[in-house]
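Chemist: Dropping the structure in here first, questions after.
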Amino acid sequence: MPDAAFQIRLASDDDRLPLAVIFAAVAEERDGIATEPPVDLEARAASWTLDGTLVAVDGGEIIGSLHVDASQHGFGEIGMAVSREWRGRGVGSALLAAAIEWARERNLHKLSLSVFAHNAAAIALYRKFGFVEEGRRVKHYRRASGELWDAIEMGLLL
Ligand SMILES: CC(C)(COP(=O)(O)OP(=O)(O)OC[C@H]1O[C@@H](n2cnc3c(N)ncnc32)[C@H](O)[C@@H]1OP(=O)(O)O)[C@@H](O)C(=O)NCCC(=O)NCCS
């Protein structure tokens, strides 16, 4: 069941540092997103592209975010993360639903993303919203450990 306590809104300038902090914490997990530690918080905060960023907020605290990188060719590339303690409570679903709405308003015709092949939670979330698998990039990402990880490309026509 969705947790009614949190809300989704567009990101603003004040969100830069908390966005970077969550991103760095998820990078520390070395599992869901491509970036691995160390993350330079100040640099990440300064360079964050706010346009196309949605945040999930619980009582003023950012608990998740999603960025749509809108290309000039009509598709938008998604990246997202939810704080570990908030996962499995509907935050990712709420962010993705809002992103789909945002993308439609922007007249994008498609959303796409890349997800590690082992990331069952993310793949289930994307499938739930109708994303389909479009391909697999074999041994695409070299990790700090030296492992080479496959990525699944997924897309949703809007
Ligand atoms: C992927 C991620 C964003 C999902 O966010 P979330 O808030 O946990 O997602 P939700 O609670 O809305 O769950 C959405 C769906 O995912 C599926 N799901 C959630 N957790 C799951 C798990 N551990 N295993 C399998 N499926 C899972 C369910 O189908 C769920 O839908 P349902 O509740 O209607 O059954 C979150 O796990 C995360 O931030 N992970 C680390 C970063 C990451 O992997 N980002 C994505 C990179 S491509």
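The values are calculated or read from the model by the stated rules, or taken from the named source; none is laboratory data. Source: prediction; values computed, not measured. When we count neighbours, we look across all protein chains shown, and the Cβ atoms used for this are built from the backbone with ideal geometry, even at glycine. All accessible areas refer to the heavy atoms of the entire protein, side chains included, with ligands and DNA or RNA removed. Shrake-Rupley method; radii C 1.70, N 1.55, O 1.52, S 1.80 Å.
Chemist: Report the charge-dipole magnitude of the chain in Debye, nearest 20, computed about the Cα centre from +1 at each Lys and Arg Cβ and -1 at each Asp and Glu Cβ.
Modeler: 540 debye
Chemist: For segment 58-158, state which GluC sites (Glu not before Pro) are in a DSSP loop and have at most 14 other beta carbons lying within 10 Å of their beta carbon.
Modeler: Glu147
Chemist: In whole percent, how big is the carbon plus sulfur part of the accessible area of segment 44-158, probe 1.4 Å, protein atoms only?
Modeler: Looking at segment 44-158 in its full context, I get 48 percent from C and S.
Chemist: Among Trp48, Ser93, Tyr126, whose Cα projects farthest towards the positive end of the dipole of segment 41-158, with charges put on the beta-carbon of Lys, Arg (+1) and Asp, Glu (-1)?
Modeler: Positive-most Cα among the choices belongs to Tyr126.
Chemist: Roughly speaking, what is the stretch gain from Leu157 to Asp14, that is 0.36 nm per residue apart minus the C-alpha to C-alpha distance, in nm to one decimal?
Modeler: Separation in residues times 0.36 nm, less the Cα-Cα distance, equals 48.2 nm.
Chemist: While we're looking at this one, here's another question. Which value, in Å² and to the nearest 10, is the accessible area of Ser71 when all protein chains are kept and the probe is 1.4 Å?
Modeler: Roughly 30 Å² of Ser71 is accessible to a 1.4 Å probe.
Chemist: I've got another one for you. Do you know the relative contact order of the chain, to the nearest whole percent, from alpha carbon pairs under 8 angstrom that are 6+ apart?
Modeler: 20 percent
Chemist: Identify, among Val26, His140, Leu108, the residue whose Cα sits farthest towards the positive end of the charge dipole of segment 1-145, taking +1 on the Cβ of Lys and Arg and -1 on the Cβ of Asp and Glu, with the dipole about the Cα centre.
Modeler: So the residue furthest toward the plus end is His140.
Chemist: Using DSSP to call loops (not H, G, I, E or B), can you name the trypsin sites (Lys or Arg not before Pro) in segment 122-152 whose Cβ has at most 16 other Cβ atoms within 10 angstrom?
Modeler: Listed in order of number, the matching sites are Arg143.
Chemist: Quick one: putting +1 on the C-beta of Lys and Arg, -1 on the C-beta of Asp and Glu, what dipole do you get for segment 21-62 around its Cα centre, in Debye to the nearest 20?
Modeler: The dipole magnitude comes to about 100 debye.
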